[in-house]
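Structure first, commentary second.
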Amino acid sequence: MTRYDTIGRTYTLTRRPDPRIAAQIAAALGNATRVVNVGGGTGSYEPDDRFVVAAEVSLTMLRQRSEGAAPAVQSRAEALPFRDGAFDAALATLTLHHWGHLERGLSEMQRVARAQVIFFFEPTLSRDFWLFAEYFPEIAALESERAAPGLDRLAATLAVHHVEPVAVPADCRDGFAACYWNRPEAYLDPVVQAGISSFAQLEPEVRRAGTERLRRDLASGAWDERHGELRDLTEIDICYRLLVAGHLS
Ligand SMILES: C[S@@+](CC[C@H](N)C(=O)[O-])C[C@H]1O[C@@H](n2cnc3c(N)ncnc32)[C@H](O)[C@@H]1O
């Protein structure tokens, strides 16, 4: 059993690719025509105009891939079942913080593809996000959060070409952790919480207590007093980044 065999059962209910983020990722993939999506999960952000294969460790996630999704093999990032240089680009979206051996996985991405495109969150910034800082500080202590690599660690292995911020739209379609930055009521919903790995790993009592604090602050207006201006923004740069490494041309 892998982590996502347990926490990924309802993934597709809330986790669908956001089209604006998908367009940014597609642009970062440049002219790559053969792409491997490592930790590809249910297939979010896989371009449909190129040859794509997904490598994913969890059967629960593989089973939720749609009929028209790219072919996928059950495998770990740390031991990809592909020959050297089989792909133009190796893509990884919101997955690195779950890997057992980050550097081994990154080296595998380098071995099978001449370029690497990675959508990740910068942990030094995500800790300041109001949801984590004010309501669920326990999230910072989770194994997956402590393992989350920032740019410094990624750059120690990868030949980084550039890094760009990924703005999160006010109506972001993909329910990842900070996606509801301007829609705090959404975080009260157990289905939304189940789609966010950090919530899904919290002890039920910790999760309940933080949720009740947020519910009270929304009812009393305290949340809006502190953060109400967020509701008027159209997008925000919280902590998400897109990194391109290696050679795409
Ligand atoms: C948050 S989900 C992201 C899925 C997909 N990339 C997306 O953007 O929706 C993290 C995925 O990484 C997978 N994963 C975790 N550790 C892995 C590993 N060592 N090798 C391959 N996949 C892994 C999980 O099973 C899960 O499907």
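No lab work stands behind these numbers, since they all come straight from the coordinates. Given the structure is predicted, the values throughout are model-derived calculations rather than measurements. Note that each Cβ is placed from the backbone with ideal geometry, even for glycine, and that neighbours are counted across all protein chains shown.
Within region 17-73, the set of residues being part of a loop (DSSP other than H, G, I, E, B), closer than 20 Å to residue 84 by Cβ and among the polar types (S, T, N, Q) comprises just one member, 33. Here the condition is being buried (at least 18 other Cβ atoms within 10 Å of the Cβ) and either more than 29 Å from residue 9 (Cα to Cα) or in contact with a strand residue (DSSP E or B) (Cβ under 9 Å, 6 or more places away or on another chain) (or both); of 202, 243, it holds for 243 alone. Could you list all residues from region 89-105 that are at negative phi and touching a Phe, Trp or Tyr at 6+ places or on another chain (Cβ under 9 Å)? Scanning region 89-105 gives 91, 92, 93, 95, 96, 97, 98, 105.
Of all residues in region 77-120, those that are among the β-branched types (Val, Ile, Thr), within 16 Å of the chain's Cα centre (by Cα) and more than 9 Å from the ligand (Cβ to nearest atom) total 2. Candidates in region 7-16 are the residues that are under 14 Å from residue 94 (Cβ atoms), touching a residue at least 60 places away in the same chain (Cβ under 8 Å) and not in a helix (DSSP H, G or I); of these, the one that is nearest to the ligand (Cβ to nearest atom) is 15.
Anything in region 130-168 that is in contact with a strand residue (DSSP E or B) (Cβ under 6 Å, 6 or more places away or on another chain) and among the charged types (D, E, K, R)? List them, or say none. Within region 130-168, 164 is the sole residue that qualifies. Taking region 103-155 as the range and being touching a Lys or Arg at 6+ places or on another chain (Cβ under 8 Å), assigned to a helix (DSSP H, G or I) and crowded, with 19+ Cβ neighbours inside 10 Å as the test, the residues that pass are 105, 112, 135. The residues in region 17-58 that are more than 9 Å from the ligand (Cβ to nearest atom), closer than 24 Å to residue 104 by Cβ and in contact (Cβ under 8 Å) with a residue 40 or more places away in the chain can be counted, and the count is 7.
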